[in-house]
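Every number in this text was worked out from the coordinates using simple rules, so none of it is lab data. Here the structure is a predicted model, which is why all the values come from computation and not from measurement. Every residue, glycine as well, gets a Cβ built from its backbone with ideal geometry; the counts of neighbours run over all protein chains shown.
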Amino acid sequence: METLLQQIINGLVQGSVYALVALGYTMVYGILGLINFAHGEVVMVGAMVALSAIMLLINSGLPPLLVLLAGMIVAATACMALGYAIERVAYRPLRNAPRLAPLITAIGVSIVLQNLAMIIWGREYHAFPQLLPNSPHMLAGAVINEVQIIIVLAALAVMAGLLVLVHRTRLGRAMRAVAENPAAAALMGVDINAVISVTFMTGSALAALAGIMVSANYGIVHYYMGAILGLKAFTAAVLGGIGNLRGAMLGGVLLGLIESLGAGYIGDLSGGFFGSHYQDVFAFFVLIAVLIFRPSGLLGERVAERA
Amino acid sequence: MMNKKQKPMIQEMIFGNPSSRKAWFVFAALAVALLLLPFATEALLGRGWVRIVDFALLYIMLALGLNIVVGYAGLLDLGYIAFFAVGAYCYALLGSPQFGLHLPFWVVLPLGALLACAFGVLLGAPTLRLRGDYLAIVTLGFGEIIRIFLNNLNAPVNITNGPQGINMIDPIRIGGFSLSGTHELFGITFSPVHLYYYLFLCVTLLVIFVSLRLEDSRIGRAWMAIREDEVAASAMGINTRDIKLLAFAMGATFGGAAGGLFAGFQGFISPESFGLTESVMVVCMVVLGGMGNIGGVVLGGALLVLLPEALRNGAGPAQQALFGKTLIDPESLRMLMFGLALVLVMLWRPAGLWPSTQRRRELSPDAEVAHQEQESVYDAAK
């Protein structure tokens, strides 16, 4: 029973991070219909920039919480600029190009970002300083520490904020209009390019936040951390139904839970034949199964085959 | 219908028009150049480069196989390297001390291709209902699943030897003639890299020939019809499910065969060679070179293998010459340049370096065509 609760806690924490990253994928996909393969690297850049900013400020005598906040702001700003630049350089010129062309530029951008990060920050693992109180609490036999609670709460708050932004504001309405029909939106006076830029910047800010959360949770930053995280988050977005905000949130949390429960129980279920290193297999099998029965994801709209 | 008139032009570009004497001359010159290539490379750049050329041929085979799936049928497969892995591991398990089996290459290679084909059908059957990007993520997941299994099937029963991989794989041996030995033929000394070059060249030419014939066949035209418009294709009486499955199976078979050759050539394989990066690289070759055009795909495959190697050899010394010391880790710098090259080439030629005639028509400045293209992008954005 304790392991079950413990796995659920771990899954929720990991799932909140996936959800934040998945939102970035799904927003871009909803508006442009393209997979932003460089998004995982934006998460990594966010974590790295935050680390550098925090290391600069950590000995300045400011309270740790303020240092963390400053790190977040710097990282979010840097990632927003990066997101804007990626869209301008790699995607906008190819908006009317064959469908796979932006995929290749996205792959190119992520190779560039990864290697730039390696040149700037080096190949080694960096320790992410512990800035939040991190005392463990016992909860019905399972351990949960404060960083984890803060991650889940912060993710929830940000997601609620995003839903308000998209569904209650003028900008959000413009985003939905562009997603629905760019040509019609343009005729109604929506500045499509501006909306797309803002979408990339919002997604990138979420990515920066997610990067800081992962780093704070595991205490480690590495130039390669974005690739696998991006892959998982993209899987989560597809699981929930890509292009759908609530789907990305649901998919992220579900994927986190599936992974941690799968890793926790796969050994018992298979009589010790498969160990916890099959956790990723488990996640992908669930994804494939979901897509076979619901080809457009859990919350995705059923899209008629287009003529 | 216009297809039929234009397609032979590509064949002429590659093989030459047999009726004209000039084309025969070009064809003969090309053949001589390909025959002499390994020796010229060795003389100019050293033996290491002959090995790299061998790898380029292997990747060209892979790219041609993927071209059937992505280029002809328009199905984005991000886990294609899994079939390469299946072929390679099939060869390695049946032709190495791992299980003490040393089956001949004649048996193992087709078996690997067949097994890869079966995996292609296994993957394709349940997933072909999915639309474009969903299919992409499922194939990606499939590729990862295969890799994780290869990585972990060493306990409790040791099958794949886990991350250490399989060593001492039998070389490809035709009769009593082992390709991994040095042979003296017609007074010329052939080292293993040369022999493998000729073998790979033959197989690559075979794959090109099959691809060319497929392109012009009923099946090939059905694939392209599905790529352009699936609903219209099925309205024309094409059994879209079977034809798509055939594309998957055919692409997987080529991938599996290339994998077997890879295992025999390398003598050692480990799951590391079959990661997502490799899958993505093969997709890049197809798209960068020019989807659906065999010449383009060959070009893309050759470039994406040779360019990083050239950068590897150039990145360090160039810095030495410019600044007098190594400022940036050459390995990072080379990948950085490679990433930039991918972006720049795609911005410069969105349809690929050497697009198929069909693609060229779609992107021509013809007003009506351009308009349709625009609309389809907006459709996709929905």
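Between the residues A:VAL166, A:ASN96, A:GLY251, the greatest Cα displacement towards the positive end of the dipole of the range A:2-293, with unit charges on the Cβ of Lys, Arg, Asp and Glu, is found for A:ASN96.
Measuring nothing but how far apart in sequence close Cα pairs (under 8 Å, 6+ apart) lie, relative to its length, the range B:22-149 scores a relative contact order of 25 percent. When the Cα gyration tensor is reduced to axis lengths a ≥ b ≥ c, the ratio a/c stays below 1.5 for the range B:2-381, which is therefore classed as rounded. Magnitude of the charge dipole for the protein assembly as shown, about its Cα centre and with charges confined to Cβ atoms of Lys, Arg (+1) and Asp, Glu (-1), is about 1200 debye. Peptides A:41-53, A:142-154, B:52-64, ordered by how many other C-beta atoms sit within 10 Å of their residues on average, highest first, read A:41-53, B:52-64, A:142-154. Remark: spin-label model distance A:ASN96-A:ARG294 equals 3.8 nm, labels positioned 7 Å along the Cα→Cβ axis. Under the 0.36 nm per residue contour assumption, what length would be gained going from the current alpha-carbon distance of A:LEU5 and A:ALA194 to full extension? This chain segment gains 63.5 nm when fully extended. For the pair A:LEU69 and A:ASP268, a Förster radius of 56 Å applied to the C-beta separation gives a FRET efficiency near 0.85, rounded to the nearest 0.05.
Residue by residue along B:329-340, Cβ atoms of other protein chains within 10 Å of the local Cβ number 5 on average.
Between A:ALA154 and A:ALA184, the simple spin-label model (points 7 angstrom out along Cα→Cβ) gives 4.0 nm.
Per residue of peptide A:256-262, the mean number of Cβ atoms on other chains within 10 Å of the residue Cβ is 0. Each peptide in B:210-216, B:245-251, A:294-300, A:189-195 gets a packing score, the mean of other Cβ atoms within 10 Å over its residues, and the list from highest to lowest is B:245-251, A:294-300, B:210-216, A:189-195. To the nearest 0.05, how large is the calculated FRET efficiency for A:TYR84 and B:PHE25 if R₀ is 45 Å and r is the Cβ-Cβ distance? Between A:TYR84 and B:PHE25 the formula returns 0.25.
Of all complete DSSP H helices in chain A, those with a Cα span along the helix axis of 24 Å or greater and a mean Kyte-Doolittle hydropathy of 0.0 or more are A:2-32, A:39-57, A:64-86, A:101-121, A:146-168, A:192-218, A:245-269. Relative contact order of the range B:2-381: 26 percent, from C-alpha pairs under 8 Å at least 6 residues apart in sequence. What FRET efficiency do you get for A:ILE58 and A:TYR224 if R0 is 41 Å and r is their Cβ-Cβ distance, rounded to the nearest 0.05? So the FRET efficiency works out to roughly 0.95.
The order of the peptides B:84-93, B:265-274 by mean Cβ neighbours within 10 Å, most packed first, is B:84-93, B:265-274. Short-range pairs are left out: with C-alpha atoms under 8 Å and at least six residues apart, the relative contact order of the range A:2-293 is 39 percent.
Rounded to the nearest 500, the 222 nm mean residue ellipticity of chain A from helices alone is -24500 deg cm²/dmol, with -39,500 (n - 2.57) taken per DSSP H run of at least 4 residues.
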